[in-house]
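Notes to accompany the following structure.
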Amino acid sequence: MGGGRAQVNKAHKTRFASKASRHAHKIDKVGSGKPESSHRAAVKGARAARIQQSKAIRDKKRAALLKEKRSSIGSSGAPRVIVSVLGFSPRFHLVTLVVSCGQASSSFKVNYFQVLVALSSSANVGSLAKDLLTYAEGCDGKLRSSTVASPTYKLRTTVLQAPYGDLTSCMELAKVADLLAFVLPANSLYSSDSSSPIDEFGSQCLSVFRAMGLPSTAVFIRDLPADNKSRQELKKAATSFLSAELPEDCKFYLADTKDDLHKFMWLFKEQHLSSPHWRNQRPYVMSEQVCIKPDDNTGLCTLLVSGYLRAHNLSVNQLVHVSGAGDFQISQIDVLKDPCPLNERKSSDVMETEDNGIQIVNTFVPDSSNQEPLLVENVPDPLAGEQTWPTEEDMEEANINNKQRKLVKRKLPRGTSEYQAAWIADDTDDEDNDSDNDNQAGSGMVIDEQGHADQGSDGSDIDAVSHFTEKFDEETVGDTEMADDENLTKEQIEAEIKKIKEANAEDEEFPDEVETPLDVPAKKRFAKYRGLKSFRTSSWDPKESLPPDYARIFAFDNFTRTQKHVLAKIAELDGGTKDCALVGSYVRLHVRNIPTDIASKLCHPSRRIPVVVSGLLQHESKMSVLHFSIKKHDSYEAPIKSKEPLIFNVGFRQFTARPLFSSDNINCNKHKMERFLHHGRFSVASVYAPICFPPVPLIVLKNRDGEQPAIAAVGSLKSVDPDRIILKKIVLTGYPQRVSKLKAIVRYMFHNPEDVKWFKPVELWTKHGRRGRIKETVGTHGAMKCIFNSSIQQHDTVCMSLFKRAYPKWPEQLYQV
């Protein structure tokens with residue numbers, strides 16, 4: 001209408017438009033062959049794929065949860081173990097319950113296992129144990145056994161009592177517990193004589209259980225008044241009083257009347273119980289019955305352990321660990337008829353019946369071709385590191401080459417006379433070996449390109465003073481054990497303890513500082529040490545000069561990959577039934593080749609805790625170097641030295657080790673050794689021990705004369721790596737005698753000129769942050785002239801750092817029953 005003068009409006013700004021919309025006109029929709037809605041369809045398809053993936057993950061989790069629930073409450077479920085341990089005042093009682101629950105169907109078999117633990121000397125848990133057993137059995141008669149079957153609740157109950165004050169027994173019971181139940185008398189809430197109802201032993205137990213991994217917990221409140229209002233108020237008071245000490249998901253139950261116990265049993269049967277992850281990785285059997293089958297005049301026997309199999313299927317070809325005894329092979333697995341069924345009925349799948357009335361359902365015998373060998377240590381080959389000895393011709397050729405060696409010419413400024421050249425000191429003076437002292441010192445310490453400062457190959461000197469270096473190591477590391485108490489008087493023992501405490505305090509105030517001996521040259525005393533230009537960046541070969549004990553251990557090329565492969569094999573065992581006892585079945589394990597004296601201790605009537613037989617993963621019987629992240633316990637005040645014998649509780653294992661403590665450097669492959677385990681910080685404890693796959697908790701105990709072992713430290717497994725480099729550091733100190741700006745005359749670091757020349761390549765440092773080097777010797781008593789990068793003060797201290805690699809000590813006896 002307007003023709004060429006038609007109104008043209010301004011286009012919208014494309015500042016906020018997408019790139020696709022701005023370049024849409026450039027795309028040839030016909031030539032590209034893609035429909036217009038291809039982008040929208042792709043987005044829609046991706047969204048559908050995400051929804052489908054999320055649904056698959058939910059279905060997988062739901063199926064795993066249903067499988068776990070059916071295995072725990074069904075006919076194939078093993079008894080649940082409930083252990084209640086906490087150190088309360090005398091008015092607090094502790095109960096340990098072991099439970100396996102089932103549905104109303106008669107085919108479901110459930111066992112309810114209780115362990116009563118009194119963590120106070122005046123606590124009386126016998127009445128509660130009797131009430132639980134009597135009410136579960138449904139009769140008022142005399143109890144014939146600590147295990148009863150309750151058809152009413154479709155569960156079986158076993159009640160055990162742990163002694164108060166026995167920390168080791170409480171720990172062993174807590175390792176197999178599914179529920180920790182604490183019994184609290186109501187009158188202790190308003191009539192307590194102490195500020196806290198938790199005593200010292202209870203605090204130790206609670207800290208140990210936290211370090212091991214707490215399962216589900218519950219609290220029983222007893223001795224309640226009759227009126228309902230007061231009962232609820234006391235329950236609220238107990239909840240607020242103990243909630244800070246117990247986990248958030250802890251359940252509180254009234255357990256004073258039959259109705260209260262009835263309510264607890266029904267609620268507990270439907271409760272989902274959590275357990276530590278480390279325990280779910282390994283099959284284990286808690287003994288219901290233990291007996292010995294002796295062999296013929298060999299000093300060995302076969303230990304027969306009967307109980308319910310838990311966590312995973314157990315292959316007859318697997319190795320097993322007997323708590324406190326060691327690792328062994330299985331000669332046979334018998335699947336027995338349940339000795340305590342809920343409903344008595346004739347079984348049609350029984351294979352045979354023994355003379356004592358035990359009915360065997362199935363028997364598994366190991367296959368010699370597939371059975372895992374019991375390999376603990378590697379057999380070292382003494383000829384593996386042998387080198388060819390030089391012949392006489394080689395020796396003569398070396399002598400001729402030494403005689404024909406040309407001297408290195410010195411480069412001097414033009415016009416320098418011989419008299420002036422004699423006063424010029426440089427590196428060639430050390431190489432010319434003009435003086436007899438230099439000839440005696442050998443080649444000295446040499447700093448290589450990577451920053452090493454190593455001693456020369458003066459083998460005769462090192463051999464002559466090997467006893468000096470060993471003696472010095474004992475003095476500085478503190479790894480010498482106290483002499484036998486039988487040969488020492490009381491005053492000598494007290495003096496030895498005082499000496500250890502003083503060494504611990506000195507190590508905290510002056511770490512790594514040692515004194516140079518007066519009677520032995522420093523180059524001989526410190527022959528095994530070297531200097532490092534940089535602790536972080538200087539290289540150190542992990543395969544260099546390894547001790548003989550390293551020929552007895554095993555190492556992994558890739559530990560993470562091996563662990564993944566081992567866990568996959570356990571998953572395969574759960575999926576198959578060949579040569580495997582199914583989880584939840586009642587089995588009898590024939591553990592062979594156990595020493596008779598050890599087996600007799602395990603079967604002794606005075607033993608108050610059950611024997612636990614746990615299946616080992618592949619390689620877990622072999623020795624290697626294990627590193628634990630460890631922290632000293634707050635209740636332990638005595639000093640803990642490196643290489644001191646300690647009791648390590650690692651998962652189901654308990655063994656003796658002599659750990660070497662070190663720091664944990666994140667950005668460095670070298671770690672500094674620590675002579676003592678100090679309070680308030682984490683360290684790394686390296687030990688020779690059987691291989692374990694993390695995560696595994698660590699509880700460290702220390703034996704005491706005539707008393708129960710004390711908890712010394714807690715931690716967890718960090719890695720299995722023999723190549724982890726731990727360096728022992730010593731610091732030699734000297735003091736400036738005369739100071740002139742950047743230069744100083746330092747004395748008392750060494751006591752003869754030969755030592756000064758030997759350690760000349762090593763860098764110096766001061767406590768005020770200066771860096772320097774040795775220039776030359778002064779006099780005949782070990783004084784030396786040093787040059788620093790900044791002005792040095794008269795009151796400063798000059799230091800020299802030396803390093804050598806340290807290793808843990810091999811345990812004399814690994815397992816002690």
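Which order do Glu515, Glu172, Glu776 take when ranked by solvent-accessible area (1.4 Å probe, heavy atoms of all protein chains), largest first? Kindly include the intermediate steps, with their values, before the conclusion.
On the way: Glu515 165, Glu172 25, Glu776 75 Å².
Order by accessible area, largest first: Glu515, Glu776, Glu172.
Whenever you get a sec, line up Asp199, Asp296 from highest to lowest accessible area (probe 1.4 Å, protein heavy atoms).
Asp296, Asp199
For region 595-678, the solvent-accessible area works out to 32 Å² per residue, with a probe of 1.4 Å and every protein chain left in place.
For the peptides 749-762, 55-68, 663-676, 272-285, the ranking by packing is 749-762, 272-285, 663-676, 55-68, with the highest mean count of neighbouring Cβ atoms within 10 Å listed first. The relative contact order of region 727-805 comes to 42 percent, based on Cα pairs under 8 Å that sit 6 or more residues apart. Computed over region 183-325, the Cα gyration tensor eigenvalues convert (square root of 5λ each) into semi-axes of 41, 18, 16 Å, ordered from largest to smallest.
Counting only protein heavy atoms and a 1.4 Å probe, region 727-805 has 44 square angstrom of accessible area per residue.
For region 222-265, with all protein chains present and a 1.4 Å probe, just round the carbon and sulfur fraction of the accessible area to a whole percent. Of all accessible area on region 222-265, carbon and sulfur atoms account for 49 percent.
For region 727-805, the fraction of C-alpha pairs more than 21 angstrom apart is 19%. Counting only Cβ charges, +1 for Lys and Arg and -1 for Asp and Glu, the dipole size of region 738-777 around its Cα centre is about 320 debye. Residue-normalised convex hull volume from the C-alpha trace of region 630-777: 179 Å³ per residue. Computed with a 1.4 Å probe over protein heavy atoms only, the accessible surface of region 171-293 comes to 45 Å² per residue.
Once Rg and the Kirkwood radius are both taken over the C-alpha atoms of region 510-633, their ratio Rg/Rh works out to 1.14. Counting only protein heavy atoms and a probe of 1.4 Å, the accessible surface of region 727-805 is 48% carbon and sulfur.
The values are calculated or read from the model by the stated rules, or taken from the named source; none is laboratory data. Source: prediction; values computed, not measured. All Cβ positions, glycine included, derive from the backbone under ideal geometry; neighbour counts span all protein chains shown. The area values use the complete protein model at the heavy-atom level, side chains included, leaving out ligands, DNA and RNA. Shrake-Rupley method; radii C 1.70, N 1.55, O 1.52, S 1.80 Å.
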